[in-house]
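Each remark here refers to the structure printed beneath this line.
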Amino acid sequence: MKSYNVTQKLINSHLIFGEMTPGSEIGIKIDQALLQDATGTLVQLELEAMGLKKAKTEVAVQYVDHNLLQTDFKNADDHLFLLSAAQRFGLWYSRPGNGVSHPVHMERFGKPGKTLVGSDSHSCAAGSLGMLAIGTGGLDVAVAIAGEPYFVKMPKIMGVKLTGKLPDWVSAKDIILEMLRRHDVKGGVGKILEYYGDGLKNLSAMDRHVIANMGAELGATTTVFPSDEETKRFLRSQGREEDWIELLADEGCEYDLHEEIKLDELVPLIAQPTSPGNVVAVSEVAGKPIGQVVIGSSANPGLRDFWMAGAIVKDKTINSEVSFDINPTSRQVIMNMIDNRAFANLIKAGARFHQSGCMGCIGMGQAPASDTISLRTMPRNFPSRSGTEDDRVYLCSPETAAASALTGKITDPRDLEKLFEMSYPQYESPDMEIINTELLVAPPEDGSQIELKKGPNIKALHHINPLLDKYEVPVLLKMGDNISTDEILKAGAEVLPFRSNLPEISKYTFTVIDDSFYDRAMESKSLYGGHIVIAKENYAQGSSREHAALAPKYLGQVAVIAVSYARIAWQNLVNFGIVPLEFMTIADYDKIEQGDTVSFKNLRNDIKNRKPIKVRVSNDSGKKIEFETKHSLSDRQINMLLKGGIINEFKDKLIT
C-alpha cells in the first residue's frame, strides 16, 4: 500500500479529475468556502449572474472584515447587500466587527480533513488545522459554492522538517520569515509546503496559523500541517472537539522537495521595505527610529500574540513618539484579552484600540506618518499598501514589535533582558476560551424569496464578449519583476468602497505605477478596442482580489505577456477572458516597449491548438519585429477563455 504524506491524503480523498502528477491539472471537491467583503460583493453578484439557487458546499461563510470604515453610505449599503445575499444563497454571515475571516473561520468552522477555497489569498491559513485550504479568485469560489470542482495545477510538495524548540524571544513569525529569507516571494510558486518533524509538538495551532497564513507571501499554493494532539487541544478550547480527526503522514512517505529548519538556531527576524522577502536579522537594523507599531491582522491573530505584547509592556509606557496600534482579530479575542488582563496591560501602556477586522493591513485606517518606519505583525509591506505613499513598513513578530514600541526604535527583543531586566514571558493557553458567536448569522432553510438589497453603489457585472481572432492594440505599460496586485489595483479606504462598482474602481487601475493609465486605456479601448501590458517574473503576486483582472478587462485589456505569473492572478486573468501569454526568452521581453503596437492573427485557433502565439510588434518609427509566445492553459481553461471567461461557460452549462 502506498505511503502518503498529509497533502496527498487530502487531495486523494477529494480528487474528482486528473492525477496527482506535478504540473498536471487536477479537479478537487470543495467542502467549505470563505468570502470576505472586499471580494465577496463581487462573488455574490457572480452567484446572482450564474442563477444559483443555494450553496452546495457543506459550509460557506461571508465575512465582513475589510471595508469597516463607514465614512459614507457605500460600505454600510454593501453590508446590507452581503447579509441579504448570504441569506438568499445559503451562506453564514459574520457581521461587521465580528473579526478577521481566517482566525474566526479556524475557531468556528475549520475541520481537519476538509477542503476549502477562499476569495482571499490568506485563506491558506486554514492549513494549520490539517485542511487543504487554497486562496483563489472570487469567481473560482463562486463556482465552487455552485458545486463545481476547483481546478489547479498539481503542485510539487515541499516537506519542511522542523526540529528542536524555539529560543526565548523567538516565535512563529520568525519561522515563516526564515522561510522567506531563504526562498523569497517566488520560492513557493507551484508548491505546497507541508510541515512535519518533532518541532511541531512545540507549536500551537495558532502558531501554525501564523506560518500557514504567510505561505501566501512565498507564492505557495497552500501550506499543510498534520492534525495531531495539538489540533485536538485547540478544537477542545473552542468547544468543538467532536470535529477533530487525526490526520498524519504515513511512515515512509516521500516529498518532492525538502527543507529543514532547526528551531533552536533561529533569531528574531524582520522583513524590510518593500517586500516580505527582504528579510534580515532584527539585530542588523536595530536602532532605527520608528513612528508606529501595529499588532494584529490575520498573520498574527492569536490570543497568545496579544497577550505577549501586553506582558512585554506591562506597567510601562510606550515611547512618546510611537503610535501603538492594536488591531484585535475578533470580538472573541477581545473578550479573552479582557479576561487574561492583556487588554488592561496594553491600554495602560498607551495602546490605541481599533475595531476587529483587517483595518491597517489593507490600508483601512492606521496609516503611518510620512517617511516614518512602521513595524507591523502583518503579512505584507508592498509600496503604499499602508495608505501612506512613502511608507517604510517592516514586518516582524509581536515580541519585536512590542519591544520597539517601548524604546522608540527597532529593537531586538532579546535586548529587553538588559534594558528592563525582563525575563521572557511564558504564555499558557487556556483549556477553554470564552466563546463568542453573537455576530454570526446562520442561513435560513430556504432563502429563495429573499430580495437582494442593492444600494446605488452596487452595479451589475458587465458582459464579457468571446475572444476574437484578430487584435491590433497598443502596449500601455511595461513593468518589471514581482508586480503586486496592490500596484495593479490598489486597496485602501479610498478605493475598496467601489469594489461592487466596476466603472468607478477601474479608474484606479495601475495608478500606483502610472496615474495616466486609466485615461490612456479608455482612449485605446475607444480607438483600438483594447490594449495589452507586459511584465517580467511573478506578475500579480499578493492579494487574490480579482478586481486586478476584472478592472483591466473593463478597460479593454486583451492580454498580458509576462515571463511568469503568480498562481491566483494567472487564473483570474483566464476567468475574465484575458489571455496570459508567456515570453519564450527574456530577450523577447527586451524587444518590446511601452507605446509599441502589437497585433495578433489567428489567436483563437493558435490558442486552441496549442501553437506558439506570434506577436507582431511595430511603432511609428518603423519598428517591425516578430517573436513567439506560449501559454500553459489546460483544455478546460482554453474552452473557458475562448468563451470570454468562466461566467459565460457556466451559463452555457445551465442552458445545456
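In segment 531-552, the residues that are within 16 Å of residue 578 (Cα to Cα) reach residues that are basic (Lys, Arg) and at pLDDT 90 or above with C-beta atoms within less than 6 angstrom, at least six apart or across chains, in these pairs: 534/478.
Just one of the listed residues (566, 562, 548, 521) is closer than 19 Å to residue 40 by Cβ and hydrophobic (A, V, I, L, M, F, W, C), namely 548.
Here residue 192 passes the criteria (1) surrounded by fewer than 24 Cβ atoms within 10 Å (Cβ to Cβ); (2) touching a Lys or Arg at 6+ places or on another chain (Cβ under 9 Å); (3) modelled with pLDDT of 95 or more except the one numbered (1).
Okay, residues lined up against (1) aromatic (Phe, Trp, Tyr); (2) more than 16 Å from the chain's Cα centre (by Cα); (3) in the same structural domain as residue 32 (by TED's automatic domain parsing); (4) buried (at least 24 other Cβ atoms within 10 Å of the Cβ):
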| position | (1), (2), (3), (4) |
| --- | --- |
| 126 | no, no, yes, yes |
| 143 | no, yes, yes, yes |
| 149 | no, yes, yes, no |
| 153 | no, yes, yes, no |
| 159 | no, yes, yes, no |
| 170 | no, yes, yes, yes |
| 174 | no, yes, yes, yes |
| 183 | no, yes, yes, no |
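All of 644, 622 fail the test of being without any contact (Cβ under 8 Å) to a residue 12 or more places away in the chain and on the phi > 0 side of the Ramachandran plot, apart from 622.
Applying a threshold of 9 Å to beta carbon distances and a minimum spacing of six or more residues, or different chains, the list of pairs starting in segment 45-57 at a residue that is touching a residue at least 12 places away in the same chain (Cβ under 8 Å) and ending at one that is polar (S, T, N, Q) reads 45/500; 53/448; 54/448; 57/32. Candidates in segment 587-635 are the residues that are among the hydroxyl-bearing types (Ser, Thr, Tyr) and surrounded by 13 or more Cβ atoms within 10 Å (Cβ to Cβ); of these, the one that is farthest from residue 645 (Cα to Cα) is 618. Within the set of pairs 6 or more residues apart or between chains, which connect a residue that is closer than 30 Å to residue 86 by Cα and assigned by TED's automatic domain parsing to the domain that holds residue 206 inside segment 414-442 to a residue that is among the β-branched types (Val, Ile, Thr) and part of a loop (DSSP other than H, G, I, E, B) with Cβ atoms less than 8 Å apart? No pair meets every condition. Within the option set 312, 326, being assigned to a strand (DSSP E or B), in contact with a helix residue (DSSP H, G or I) (Cβ under 6 Å, 6 or more places away or on another chain) and in contact (Cβ under 8 Å) with a residue 24 or more places away in the chain holds for one residue only, 326. From the list 254, 217, 260, the lone residue that is assigned to a strand (DSSP E or B) and either in contact (Cβ under 8 Å) with a residue 40 or more places away in the chain or surrounded by 24 or more Cβ atoms within 10 Å (Cβ to Cβ) (or both) is 260. With respect to being of a type in the set (D, E, K, R), under 19 Å from residue 455 (Cα atoms) and buried (at least 17 other Cβ atoms within 10 Å of the Cβ), residue 37 fits the description. Taking the criterion of being under 23 Å from residue 550 (Cα atoms) and either without any contact (Cβ under 8 Å) to a residue 40 or more places away in the chain or in a loop (DSSP other than H, G, I, E, B) (or both), the residues of segment 570-607 that qualify are 570, 573, 576, 577, 578, 594, 595.
The values are calculated or read from the model by the stated rules, or taken from the named source; none is laboratory data. These figures come from a predicted structure and were not determined experimentally. In this analysis, Cβ positions are derived from the backbone assuming ideal geometry, glycine residues included, and neighbour counts consider all displayed protein chains.
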